[in-house]
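Take a look at the following structure, please.
The values are calculated or read from the model by the stated rules, or taken from the named source; none is laboratory data. What you see is a predicted model, and the numbers here were worked out from it, not measured in a lab. Positions of Cβ are backbone-derived with ideal geometry, glycine not excepted, and every protein chain shown enters the neighbour counts.
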Amino acid sequence: MVRFPGSNCDLDAVTAVRTLKGMSADLVWHEDAIAGYDAVVVPGGFSFGDYLRAGAIAARSPALERIGRLADRGVPILGICNGFQILIEAGLLPGALLRNASLRFVCKWTAVRVENESTSFTRGMKKGQVLHLPIAHNEGRYYSPDEGLHELKTGGRVVFRYCDDGGNPVASSNPTGTLENIAGICNRAGNVVGLMPHPERATEPILSPSGSSDGALIFSSLLRSD
């Protein structure tokens, strides 16, 4: 777990992983070496106070150069909320994350549908499976030009979509006005995944109003990676 000034979900993510059988996690300062790990998580929060633009300063950290090299080698990389913003700003994932359509911070539980079950972080799930995960962000409205969106869709790179409880990605289930209900995407190789919902806040039933522990499935999918 990479910690930046302003990260506030890093300890949550470390705890979530450490509670899963067969997994462990370290907290690594963004200026320190990142080596010898099987996967990297860039957690949520407000890195560097979200100055300039969410994730923009953190994307220029030495950590992202190292993470980029690890990604090229096939190491699984997960960006959660602000971590997703950082990965996009660093060019590890395409598109942009704009301010929510409401121009307000949105904090609520959502349903998301698994669109791609073959990434490093979804191999423990089935395509079409519905997860219940919370969101908490101000800039989570995914955008990509038409040609970029076409490539994402035809290449199976849309990983999660907001949906209703029946798995339908309808307008009423879109909490931020994000393009085509997109909640998460991946790179071409499927080892770099970014999503706006917070799986680390849904790994124990006691944390969820519905008793969801669906977030654990995202982390434990690493145990099924090739």
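What pairs come out if I take residues in segment 199-215 that are within 18 Å of C9 (Cβ to Cβ) and hydrophobic (A, V, I, L, M, F, W, C) and pair them with residues that are modelled with pLDDT under 90 and surrounded by 20 or more Cβ atoms within 10 Å (Cβ to Cβ) whose C-beta lies under 7 Å away, six or more apart or interchain?
Matching pairs, first to second residue: A202/S212.
Looking at this structure, is R161 without any contact (Cβ under 8 Å) to a residue 60 or more places away in the chain, in a strand (DSSP E or B) and among the charged types (D, E, K, R)?
Answer is yes for this residue.
I'd like the full set of residues that are under 12 Å from the mean Cα position of the chain (by Cα) and aliphatic (A, V, I, L, M), limited to segment 159-208.
Hits for segment 159-208 are V159, I182, A183, I185, V192, V193, L195, M196.
Looking only at segment 27-60, filter to residues that are in contact with a Phe, Trp or Tyr (Cβ under 7 Å, 6 or more places away or on another chain) and either of a type in the set (D, E, K, R) or assigned to a loop (DSSP other than H, G, I, E, B) (or both); which one of those is surrounded by the most Cβ atoms within 10 Å (Cβ to Cβ)?
H30
T178 is checked against (1) crowded, with 16+ Cβ neighbours inside 10 Å; (2) closer than 24 Å to A25 by Cβ; (3) modelled with pLDDT of 95 or more and fails just one. What number does that condition carry?
All conditions are met except number (2).
If you go through segment 113-122 one residue at a time, do you hit one that is closer than 20 Å to V40 by Cα and not polar (S, T, N, Q)?
Scanning segment 113-122 turns up at least one residue that is closer than 20 Å to V40 by Cα and not polar (S, T, N, Q).
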